[in-house]
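The next block holds one structure in the form of structure tokens; read it before the comments.
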Protein chains: 2
Amino acid sequence: MAVPRTLEWIGGPDGFLRLIDQTLLPTRLECRDCRTVEEVWEAIRALRVRGAPAIGVAAAYGVVLAVARCPAAEGEQGVERACEYLATARPTAVNLFWALDRMRRASRENSRLPDPEAFRRMLLSEAQTIDKEDQEMCRSIGRVGAELIRDGQGVLTHCNAGGLATADFGTALAVLFTAAEQGRNFRVFADETRPLLQGARLTAWELQQRGIDVTVICDNMAAQVMKEGRVQLVVVGADRIAANGDTANKIGTYGVAILAQAHGIPFYVAAPSSTFDLGLSTGEAIPIEQRDPREVTHGFGRQTAPDGVQVYNPAFDVTPARLIAGIITEKGLIRPVTEAAIRALLD
Amino acid sequence: MAVPRTLEWIGGPDGFLRLIDQTLLPTRLECRDCRTVEEVWEAIRALRVRGAPAIGVAAAYGVVLAVARCPAAEGEQGVERACEYLATARPTAVNLFWALDRMRRASRENSRLPDPEAFRRMLLSEAQTIDKEDQEMCRSIGRVGAELIRDGQGVLTHCNAGGLATADFGTALAVLFTAAEQGRNFRVFADETRPLLQGARLTAWELQQRGIDVTVICDNMAAQVMKEGRVQLVVVGADRIAANGDTANKIGTYGVAILAQAHGIPFYVAAPSSTFDLGLSTGEAIPIEQRDPREVTHGFGRQTAPDGVQVYNPAFDVTPARLIAGIITEKGLIRPVTEAAIRALLD
């Protein structure tokens, strides 16, 4: 199977970032090459690359592209400007800011490098380390979480927290991929995830590629599927997790968590440690991105609401920690979800 | 405002049924003329006319069309055949069977009418009575329910239970139309209602036509909108209500009811008495229509899920009575919802 990586740096310090244009899936699998920081910003904003860990990695490579165009002496300043710019692409996922902070730190610690070529090489090396670490974290998350999946279960997931949302292999889906690799049989229900249908377009595609039994449902069918006893576990990804465990994720996640609780189904979050924002005591302070009403009214090439109608289109919601049975990280499982348990694992 | 009626008989006993083709809304307002019972069956199956009360009225007119083509002596048999055929159009809404039963009874009671012309006139008269009664029931539901709406409230509704779902004026939306006529100000959130988007396409359009403040949201945003304190009341329609108050309605309604309960928001059902099926003790026995997977995978004029993926597409779900604060009928408000209260009001 020759599926390209979600995103990949091609060439040396003067190379470019190649990424799957996820807006075209599942009907077209095409890559897009980003050769400027502006192209990376646009790819993040337009959701060509999306998923909290993946946009962190993409942004790190974006910094390399920005500085490759700066006069050498201005390298550190260039990194600072690129980070400020890339941080405006999307507000909610903290992994973006986390990756940019790593690039900033690397830049500061190496600002005395003798020649501009070496400075760029150093930046690329740091971005590639972030990329590599993300891949390793995903594998670890898969191993930690796979223990939760039992033979014959139904598992519901929302949006896409798969290989396409990370450098490779995913977070929530890594749990399922690993359980399948370990020989367990289970069935997945993928919420289609309006407005942009990442569940129907991306999650279903990834599971299908790996031969895992997947059924697409509309978001509003989740309650019925649970009531019918078809789901024994929910696992989703995360865009930002506060110190107390409150978790921002794709809009609709909070509703799924309430429905899971009402049906006695455990609800798990899978995310790398870079998703935690311990500076926020609760989820209240997580900024929620509002997106274009046309995503709702003109989502798929056809107008589906009257001209001029008002639309509310928050891209994320926050699930309170009390609804989360556990958080699966590359360092282990946090269960129950308490601030003390989170700090103990991450410190 | 020259909006045509949802459905209307044009001409005398040899006339035809004209209905708004609701699959084209909101971008095109076009009528379709049904001159055969097969065309009425197709219009119901394809959701050109939909909503439990409206398909009851449409089916009654369909019987007239069927018999107009029969030799006169076979009138009663023709009615029987037409009723059996029309009953196969959609399985969940009981109003369809209720209306067909009324046509059957009228046919039986009048089978000795001297001439075929008189038999057809009698059938048309019965269908027009059902139509007229539905309009009156909707106005009564509006008056009963409007008392529940307070100035400044946010009201959430799911799918379309408006004028388009009935002969005129609606059930859940009749409550809002009447409250607006009485001068109250409130704001409506319309769940878009996947897969066929009756909320975005029809409810938003009807509310907009009447100048009522309406905001479209994706189904998976309802929980967040509730959490933000924007909703103080939920009101939806119904396709069938069991003797204990369990209510079948458009898929997603059950989930909304759970979310409303979790946020302490009262959840109301509005429906005419023809929606009750007292022969069913609970909602368990209500048949749930399963529809074409392509409604989910190709809903927006573009393919939104991978080729060959499995899809689960139930058109309805059942909300248990314990989640329903009250049922608004043309005969009064049932609150709390108990079998005794239902029987007392309907008998």
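Conditions tested, residue by residue: (1) under 13 Å from residue B:217 (Cβ atoms); (2) of a type in the set (S, T, N, Q); (3) at pLDDT 95 or above; (4) out of contact with any Lys or Arg (no Cβ under 9 Å at 6 or more places or on another chain).
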residue: A:278; (1), (2), (3), (4): no, no, yes, no
residue: A:282; (1), (2), (3), (4): no, yes, yes, yes
residue: A:286; (1), (2), (3), (4): no, no, yes, no
residue: A:293; (1), (2), (3), (4): yes, no, yes, yes
residue: A:302; (1), (2), (3), (4): no, no, no, no
residue: A:306; (1), (2), (3), (4): no, no, yes, no
residue: A:311; (1), (2), (3), (4): yes, no, yes, no
residue: A:322; (1), (2), (3), (4): no, no, yes, yes
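Among the candidates A:283, A:279, A:299, A:308, the residue that is at positive phi and not aromatic (Phe, Trp, Tyr) is uniquely A:308. Scanning region A:102-117 for residues that are assigned to a helix (DSSP H, G or I) and more than 17 Å from residue A:66 (Cβ to Cβ) returns a single hit, A:109.
Scan region A:222-251 for residues that are part of a helix (DSSP H, G or I) and touching a residue at least 12 places away in the same chain (Cβ under 8 Å) and the total you get is 5. Residue under question is residue B:261, and the condition is that it be outside any loop (DSSP other than H, G, I, E, B), farther than 17 Å from residue B:169 by Cβ and modelled with pLDDT of 95 or more; does it hold? Criteria met by residue B:261. Screening region B:273-298 for residues that are under 18 Å from the mean Cα position of the chain (by Cα) and of a type in the set (Val, Ile, Thr) and picking the one that is farthest from the other protein chains (Cβ to nearest Cβ) gives B:275. Name the residues in region A:16-30 that are surrounded by fewer than 18 Cβ atoms within 10 Å (Cβ to Cβ), more than 15 Å from residue A:165 (Cα to Cα) and in contact (Cβ under 8 Å) with a residue 24 or more places away in the chain, would you? Passing the criteria: only A:29. Consider region B:84-94 and keep the residues that are among the hydrophobic types (A, V, I, L, M, F, W, C) and either crowded, with 22+ Cβ neighbours inside 10 Å or assigned to a helix (DSSP H, G or I) (or both). The one that is modelled with the highest pLDDT is B:86. Within region A:297-317, does at least one residue satisfy the condition of being in contact (Cβ under 8 Å) with a residue 60 or more places away in the chain and among the β-branched types (Val, Ile, Thr)? Checked region A:297-317: no residue is in contact (Cβ under 8 Å) with a residue 60 or more places away in the chain and among the β-branched types (Val, Ile, Thr).
Scanning region B:299-343 for residues that are of a type in the set (S, T, N, Q) and either assigned to a strand (DSSP E or B) or within 7 Å of another protein chain (Cβ to nearest Cβ) (or both) yields B:303, B:304, B:310, B:319, B:329. For residue B:208, the conditions (1) within 9 Å of chain A (Cβ to nearest Cβ); (2) assigned to a strand (DSSP E or B) all hold with the exception of (2). If I ask for residues that are within 20 Å of residue A:259 (Cα to Cα) and of a type in the set (Asp, Glu), which ones from region A:182-238 would you list? Within region A:182-238, A:191, A:192, A:219, A:228 qualify. For region A:190-204, a residue qualifies if it is part of a helix (DSSP H, G or I) and either more than 7 Å from chain B (Cβ to nearest Cβ) or farther than 16 Å from residue B:293 by Cβ (or both), and the qualifying residues are A:198, A:199, A:202, A:203. Would you confirm, using the coordinates I've provided, whether residue A:183 is more than 8 Å from chain B (Cβ to nearest Cβ), without any contact (Cβ under 8 Å) to a residue 12 or more places away in the chain and not acidic (Asp, Glu)? Against the criterion (more than 8 Å from chain B (Cβ to nearest Cβ), without any contact (Cβ under 8 Å) to a residue 12 or more places away in the chain and not acidic (Asp, Glu)), residue A:183 qualifies. No other residue among B:5, B:50 is under 17 Å from the mean Cα position of the chain (by Cα) and surrounded by fewer than 18 Cβ atoms within 10 Å (Cβ to Cβ) apart from B:5. Which one is farthest from residue B:196 (Cα to Cα) among residues in region A:213-268 that are within 8 Å of another protein chain (Cβ to nearest Cβ) and of a type in the set (Ser, Thr, Tyr)? Of everything passing the filter in region A:213-268, A:254 is farthest from residue B:196 (Cα to Cα). Number of residues in region A:138-189 that are assigned to a helix (DSSP H, G or I) and either in contact with a Ser or Thr (Cβ under 8 Å, 6 or more places away or on another chain) or under 22 Å from residue A:57 (Cβ atoms) (or both) equals 19.
For every residue, the table says whether it meets (1) out of contact with any Cys (no Cβ under 6 Å at 6 or more places or on another chain); (2) within 25 Å of residue B:203 (Cβ to Cβ); (3) modelled with pLDDT under 95.
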residue: B:17; (1), (2), (3): no, yes, no
residue: B:32; (1), (2), (3): yes, yes, no
residue: B:42; (1), (2), (3): yes, yes, no
residue: B:96; (1), (2), (3): yes, yes, no
residue: B:99; (1), (2), (3): yes, yes, no
residue: B:104; (1), (2), (3): no, no, no
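The values are calculated or read from the model by the stated rules, or taken from the named source; none is laboratory data. Just so it is clear, the structure is predicted and the values come from calculations on it, not from any experiment. As a convention, Cβ positions derive from the backbone with ideal geometry for all residues, glycine included, and neighbour counts pool all protein chains shown.
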